[in-house]
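Engineer: Structure provided below as structure tokens; questions to follow.
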Amino acid sequence: MKPLVAQALLPAALTLLAAQASAARPSSLADSFREQYAQTQPAWVGYTVPTVAGHEQTCNYGDGYSHGVRPPGPVHLEPPEQAQIMFRIQGNHIGKIRIISGDCQLDADGVPLRWIRDVRPAESISFLSTFVTLDSDHIRDGAVAAIAMHADATADEALERFAAAGQPESLREKAVFWMGEARGRRGYENLRRIVSEDASDHVREKAIFALSISKEPQAVDTMIAVAHNDASSHVRGQALFWLAQKAGKKAVGAISGAIDNDPDTEVKRKAVFALQQLPDGEGVPMLIQVARNNRNPAVRKQAMFWLGQSSDPRALAFFEELLKP
């Protein structure tokens with residue numbers, strides 16, 4: 001063949017090869033998995049997607065390694081930019097979904113491990129969303145967690161749909177958790193809206209916990225506002241409890257304020273318990289003050305009880321003072 005003829009035919013040949021490759025490749029991620037379902041033996045099928053920044057995941061190399069003993073494998077000083085989404089397939093269905101850090105070494109323990117290449121994040125989220133309405137809590141929870149780890153705005157949109165009023169509360173609370181755990185500023189803004197507006201006490205309570213694990217600095221202020229203003233005494237009490245885990249001057253002030261000002265005795269009692277939860281005995285002086293001076297006998301009794309449980313020398317000195325003739 002003459003060189004000029006060959007050069008003329010080359011683009012056409014490349015176009016034909018590309019068309020054949022495109023025809024052979026499944027048109028969607030769901031099609032790719034339908035091909036995997038057709039395989040007779042169990043398998044793990046996975047792909048990688050960009051993952052949210054600053055969210056480190058650990059590699060579970062098995063339960064045989066005691067606490068403090070480093071498992072085998074490399075130690076990466078920088079968090080990976082990719083996450084591995086893994087599906088356990090058996091009997092024409094998916095039995096397990098796992099999200100694994102991109103730097104983890106995988107061992108399928110003899111089960112075939114197959115990879116799907118070039119999966120787009122939005123397509124992955126759309127595919128995973130098909131599993132959140134299944135009856136299996138295990139599959140649903142894995143799908144929601146995997147969606148939350150995607151570094152893509154489509155993940156926020158999916159979690160917002162799952163957390164919306166009208167969805168099952170079991171799904172809503174999972175979506176709310178991941179908003180605080182992994183979705184940064186946009187997750188915080190959603191949580192702030194939920195604790196301010198949502199009609200479900202249960203969902204607002206779950207959103208308080210999600211705020212407590214959020215890295216956004218305004219989360220504490222939002223928790224304090226809930227402790228002051230929520231219509232539910234139970235939700236106000238939960239806000240006080242999780243504020244105690246956060247500690248800090250703002251949290252302590254909100255707890256003390258609830259003891260002094262909340263109209264509900266049960267909330268006051270929960271605030272006293274929150275003082276006991278403050279780290280390093282930080283709440284002991286305030287417990288002593290409550291035990292001495294609070295006008296509500298149930299609240300004073302609660303403070304006395306938690307002082308007795310504290311084994312703190314300051315509490316012992318307080319009791320000795322009370323018992324002196």
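Engineer: Over 31 Å between C-alpha atoms is what I'm after, so list which of Lys268/Lys324; Lys96/Lys250; Lys206/Lys301 land there.
Structural biologist: Working: Lys268/Lys324 29 Å; Lys96/Lys250 42 Å; Lys206/Lys301 29 Å.
Those over the limit are Lys96/Lys250.
Engineer: For q values of 0.11, 0.14 Å⁻¹, compute log₁₀ I(q)/I(0) with the Debye formula on a Cα-only model of region 166-325, without solvent.
Structural biologist: -0.46, -0.69
Engineer: Working only with C-alpha atoms, what are the Rg and Dmax values of region 224-304, expressed in angstrom?
Structural biologist: Considering region 224-304 through its Cα atoms, Rg and Dmax are 11.1, 32 Å.
Engineer: Any number yet on Rg/Rh for region 100-217, C-alpha, Kirkwood? All intermediate terms of the calculation are to be shown ahead of the outcome.
Structural biologist: Working: Rg = 15.3 Å, Rh = 15.1 Å.
Taking Rg over the Kirkwood Rh, I get 1.01.
Engineer: Can I ask one more? For region 104-155, take the alpha-carbon Rg, divide it by the Kirkwood Rh, and send me Rg/Rh.
Structural biologist: Details: Rg = 12.8 Å, Rh = 12.5 Å.
Using only Cα positions, Rg/Rh for region 104-155 is 1.02.
Engineer: Based on the Cα atoms of region 258-324, what semi-axes does the equivalent ellipsoid have, where each is the square root of 5 times one gyration tensor eigenvalue, given in whole Å with the largest first? Could the numbers behind the result be given before it?
Structural biologist: On the way: eigenvalues 74, 38, 14 Å².
Values for region 258-324, descending: 19, 14, 8 Å.
Engineer: Same structure, new question: Calculate how large, on average over all directions, the projected area of the Cα convex hull of region 186-245 is; give the answer in nm² to one decimal.
Structural biologist: Numbers: hull surface 13.5 nm².
Projected over every direction and averaged, the Cα hull of region 186-245 covers 3.4 nm².
Engineer: Still on this structure, I have one more. Using +1 on the beta carbon of Lys and Arg, -1 on that of Asp and Glu, and nothing else charged, what's the dipole of region 87-204 about the Cα centre, debye to 20? Kindly include the intermediate steps, with their values, before the conclusion.
Structural biologist: Details: 16 positive and 19 negative charges, 36 e Å.
Magnitude of the dipole: close to 180 debye.
Engineer: Where does each of 36-46, 195-205, 180-190 land if you order them by average Cβ count within 10 Å, highest first? The partial results should precede the final answer.
Structural biologist: Working: 36-46: 14.5, 195-205: 16.7, 180-190: 20.0.
Descending mean neighbour count gives 180-190, 195-205, 36-46.
Engineer: Now for a different question. For a Förster distance of 30 Å, can you work out the FRET efficiency between the beta-carbons of Leu323 and Asp137, rounded to the nearest 0.05?
Structural biologist: Using R0 = 30 Å, I get an efficiency of 0.05.
Engineer: Taking every pair of Cα atoms in region 142-197, average 1/r, invert it to obtain the Kirkwood radius, and report Rg/Rh to two decimals.
Structural biologist: Numbers: Rg = 10.0 Å, Rh = 10.9 Å.
Rg/Rh for region 142-197 comes to 0.92.
Engineer: Assuming R0 = 56 Å, what is the FRET efficiency of Asn293 and Thr130, from their Cβ-Cβ distance, to the nearest 0.05?
Structural biologist: Working: r = 59 Å, r/R0 = 1.05.
That gives a FRET efficiency of 0.45.
Engineer: Packing-wise, with mean Cβ within 10 Å as the measure, how do 156-162, 315-321 rank, highest first?
Structural biologist: Working: 156-162: 19.7, 315-321: 13.9.
Highest-to-lowest ranking by the protection proxy: 156-162, 315-321.
Coordinate-derived values only; no laboratory data. Model, not experiment: these values are computed from the prediction. Don't worry about glycine lacking a Cβ; one is built from the backbone with ideal geometry, like all the others, and counts go over all protein chains shown.
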